[in-house]
Amino acid sequence: MDIRLKIGNSEYLIAGDNKKVIEFAGMFFDHDIVIKKLNGNYINVDHYNVDQLDAKDIKEIKDFCSANHIDDFQFYEDIENVNISMSDDRLKTITPVQQNLEKLIKKLSNKPKLVPSA
């Protein structure tokens, strides 16, 4: 038996003995078990926001870090709820035509380019 398990935006294939697959899958819908997604977050100045800072702003950030003994990247985690669902949709395996198309694209995109001499 094969079951697709979708947690958030990721899908997993659960395969094996029917009874064990059903038992395993059932645990994801047990009200005594909570599944949440962990998100890692960095607090830093990066190329997205540095353009918006002037010298005074940068000095203020440096002074804050110095006063609070912060000398490395700051990291924290938060959690968010995720949707969980299951289906018995069949696995969409690659077909021979798709394999040939993939090989053709790789072959054509990896061939040496002729550069005209000056």
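For the range 62-90, taking the residues that are out of contact with any strand residue (DSSP E or B) (no Cβ under 9 Å at 6 or more places or on another chain) and not hydrophobic (A, V, I, L, M, F, W, C), the one that is nearest to residue 31 (Cα to Cα) is identified as 72. Considering only residues in the range 83-110 that are modelled with pLDDT of 90 or more and outside any helix (DSSP H, G or I), the one that is nearest to residue 21 (Cα to Cα) turns out to be 94. Is it true that residue 43 is among the hydrophobic types (A, V, I, L, M, F, W, C) and closer than 30 Å to residue 72 by Cβ? In short, yes.
Could you say which residue among 59, 6 is in a strand (DSSP E or B) and either surrounded by 10 or more Cβ atoms within 10 Å (Cβ to Cβ) or over 21 Å from the mean Cα position of the chain (by Cα) (or both)?
Numbers: 59 fails: in a strand (DSSP E or B).
Just a single option satisfies the conditions, and that option is 6.
So is residue 50 more than 30 Å from residue 3 (Cβ to Cβ) and surrounded by 10 or more Cβ atoms within 10 Å (Cβ to Cβ) or not? Answer is yes for this residue. For the range 17-25, check the following and say yes or no: at least one residue is modelled with pLDDT of 90 or more and assigned to a loop (DSSP other than H, G, I, E, B). Yes, the range 17-25 contains at least one residue that is modelled with pLDDT of 90 or more and assigned to a loop (DSSP other than H, G, I, E, B). Out of (1) closer than 30 Å to residue 91 by Cα; (2) loosely packed, with under 10 Cβ neighbours inside 10 Å; (3) among the aromatic types (Phe, Trp, Tyr), the odd one out for residue 73 is which? Answer for residue 73: the failing condition is (1).
Filter the range 2-41 down to residues that are without any contact (Cβ under 8 Å) to a residue 60 or more places away in the chain and among the aliphatic types (A, V, I, L, M), then give me how many there are. Step through it out loud before you land on a result.
Taking the range 2-41 first, the residues without any contact (Cβ under 8 Å) to a residue 60 or more places away in the chain are 9-12, 14-24, 26-41.
Now drop any that are not among the aliphatic types (A, V, I, L, M), which leaves 14-15, 21-22, 27, 33-35, 38.
Residues meeting the conditions: 9.
Residue 20 falls short on exactly one of the conditions (1) exposed (fewer than 10 other Cβ atoms within 10 Å of the Cβ); (2) within 30 Å of residue 86 (Cα to Cα), and that condition is (1).
Restricting the range 66-82 to residues that are assigned to a strand (DSSP E or B) and under 18 Å from residue 6 (Cα atoms) leaves a set whose member that is modelled with the lowest pLDDT is 81.
The values are calculated or read from the model by the stated rules, or taken from the named source; none is laboratory data. Computed from a predicted model, the values in this text were never measured in an experiment. Cβ atoms come from the backbone with ideal geometry, glycine included; neighbour counts cover every protein chain shown.
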